[in-house]
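The values are calculated or read from the model by the stated rules, or taken from the named source; none is laboratory data. What you see is a predicted model, and the numbers here were worked out from it, not measured in a lab. Methodologically, a virtual Cβ is constructed for each residue, glycine included, from the backbone with ideal geometry; neighbour enumeration extends over all protein chains shown.
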Amino acid sequence: MAKDVSQNFESSVGTPTWGHEFWRGVRAGLPISFGYFPSSIAFGVVALASGFSGWQPVMMSMFVFSGAGQFLGVNLWQSGASLGAVILANLIINLRYIVMSASLSRRIQLDSLQAAVIGFGVTDETFVLNSLAQRGALTSGYVLGVNTVAYLGWVIGTVVGTVFAGILPGRVISGMGIVLYAMFIALLVPSIARSWKIGAIAAISGALCWVFGKVFAFGWAMVLATTIAAALGAWLWDEGVDDPEH
Amino acid sequence: MTLSTNTYLILLFGMAAGTYLPRMLPLLLPGNAPLPPWVDRWLKLVPYAALGALIFPGILSVDPDRAWVGLVGGAAAVAVSLKWNNLVYTIVAAFAVAALLR
């Protein structure tokens, strides 16, 4: 009898339902959602001040969902850049996602419909959380849960920014940014405890990002730092540093 | 300058496509495709490198005027994470420390 119970428990742990995985992802992604508020609220305020009106900033957050790209876009537009230049600049700053999605594709196998939906929600933050938050198999439900709650934070924050532009206490809102950094640190510290090499790669990447950030825009600085630091690690340690799947 | 609806829609569509395609297309790669081992190692290290680049130097701008606020909040996060390895505790501690400092 006791054996039967434990077997049932094992099987329910081994094959969680899609909905269960989705809600697990939603809970895991909540810090991203809150962490987005300073940026998404600021985006609503900045876009209104840059000549966009009414629901245009919110529509942009709903359809584009990219902090760096959207800020770059409205800044360039306001400074008088042509439509083509704005669209091209946005594409260039978002090329870093190629590296992230290619990395994610090694962790999870998706059919084309799943890729079409999940691909929309790949951001710097959801990529890192989805890649590192759990050690076992990554499921499409979990990833979609993380991406969905992050997306809602981004869109809702933009609504708040456009509706309450001008009357928001800026210092209180900007203080919420620490939530994202705390989440990143909570992901990084246990990884470093497993392998100091991970810490070395992250430290080199951060230092490179700081140096490149003095010369290039954030998107470029990040993709250069990430690419170079990860390549350095792959070149130095051919046995691999730590396999997140095991 | 203000935007006409048509101009806005072109901008919106162009930016949406330029964001979506780089994110989505690589997910269509077969995840078990044989890659040269160094490419596989590189892709597996990308998340950790991305973490480093996301934390620093961004954490310095948590308080735009005082870079040390982010650093002290981050140090609190490291300490709590080392002690309890708990995401919620870590976030609450960092948020509380940063809030006290402002």
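How many residues are part of a helix (DSSP H, G or I) and either at pLDDT 95 or above or buried (at least 16 other Cβ atoms within 10 Å of the Cβ) (or both) when one looks only at region B:48-67?
Qualifying residue count, region B:48-67: 11.
Tell me which residues, restricted to region A:40-64, are closer than 18 Å to A:G219 by Cβ and either crowded, with 23+ Cβ neighbours inside 10 Å or without any contact (Cβ under 8 Å) to a residue 24 or more places away in the chain (or both).
At the first step, the residues of region A:40-64 found to be closer than 18 Å to A:G219 by Cβ are A:40, A:42-43, A:46, A:60-61, A:64.
Within region A:40-64, A:S40, A:F43, A:M60, A:S61, A:V64 qualify.
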Being farther than 25 Å from A:G219 by Cβ, hydroxyl-bearing (S, T, Y) and surrounded by fewer than 18 Cβ atoms within 10 Å (Cβ to Cβ) narrows A:S140, A:S112 down to just A:S112
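Quick one: which residue in A:G166, A:G145 is touching a Gly at 6+ places or on another chain (Cβ under 9 Å) and farther than 19 Å from B:L43 by Cβ?
On the way: A:G166 fails: touching a Gly at 6+ places or on another chain (Cβ under 9 Å).
Of the residues listed, the single one that is touching a Gly at 6+ places or on another chain (Cβ under 9 Å) and farther than 19 Å from B:L43 by Cβ is A:G145.
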Just one listed residue, out of A:I204, A:I192, A:I156, A:I178, is part of a helix (DSSP H, G or I), within 12 Å of another protein chain (Cβ to nearest Cβ) and over 22 Å from A:G233 (Cβ atoms), and it is A:I178
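Rundown of residues vs (1) within 7 Å of another protein chain (Cβ to nearest Cβ); (2) in contact (Cβ under 8 Å) with a residue 24 or more places away in the chain; (3) in a helix (DSSP H, G or I), yes/no style:
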site: B:L3; (1), (2), (3): yes, no, no
site: B:I10; (1), (2), (3): yes, no, yes
site: B:L21; (1), (2), (3): no, no, yes
site: B:P30; (1), (2), (3): no, no, no
site: B:L35; (1), (2), (3): no, no, no
site: B:W38; (1), (2), (3): yes, no, yes
site: B:V69; (1), (2), (3): no, yes, yes
site: B:V72; (1), (2), (3): no, yes, yes
site: B:A75; (1), (2), (3): no, no, yes
A:L188: of a type in the set (A, V, I, L, M, F, W, C) and under 18 Å from A:W23 (Cα atoms), yes or no? no
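I need a count of the residues in region A:127-143 that are in a helix (DSSP H, G or I), within 12 Å of chain B (Cβ to nearest Cβ) and at pLDDT 90 or above. Spell out the reasoning first.
Residues of region A:127-143 in a helix (DSSP H, G or I): A:127-132, A:140-143.
In the following step, the residues that additionally are within 12 Å of chain B (Cβ to nearest Cβ) were identified as A:127-132, A:140, A:143.
Going one step further and asking which of them are at pLDDT 90 or above, we end up with A:127-131, A:140, A:143.
Within region A:127-143, residues that are in a helix (DSSP H, G or I), within 12 Å of chain B (Cβ to nearest Cβ) and at pLDDT 90 or above number 7.
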In region A:87-109, anything touching a residue at least 40 places away in the same chain (Cβ under 8 Å), surrounded by fewer than 20 Cβ atoms within 10 Å (Cβ to Cβ) and within 7 Å of another protein chain (Cβ to nearest Cβ) is listed as A:L95
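Considering only residues that are surrounded by 17 or more Cβ atoms within 10 Å (Cβ to Cβ) and more than 8 Å from chain A (Cβ to nearest Cβ), which ones fall in region B:77-90? Walk me through how you get there before you give the answer.
First pass over region B:77-90, keeping only residues surrounded by 17 or more Cβ atoms within 10 Å (Cβ to Cβ): B:77-78, B:80-81, B:87, B:90.
The one that is surrounded by 17 or more Cβ atoms within 10 Å (Cβ to Cβ) and more than 8 Å from chain A (Cβ to nearest Cβ): B:V80.
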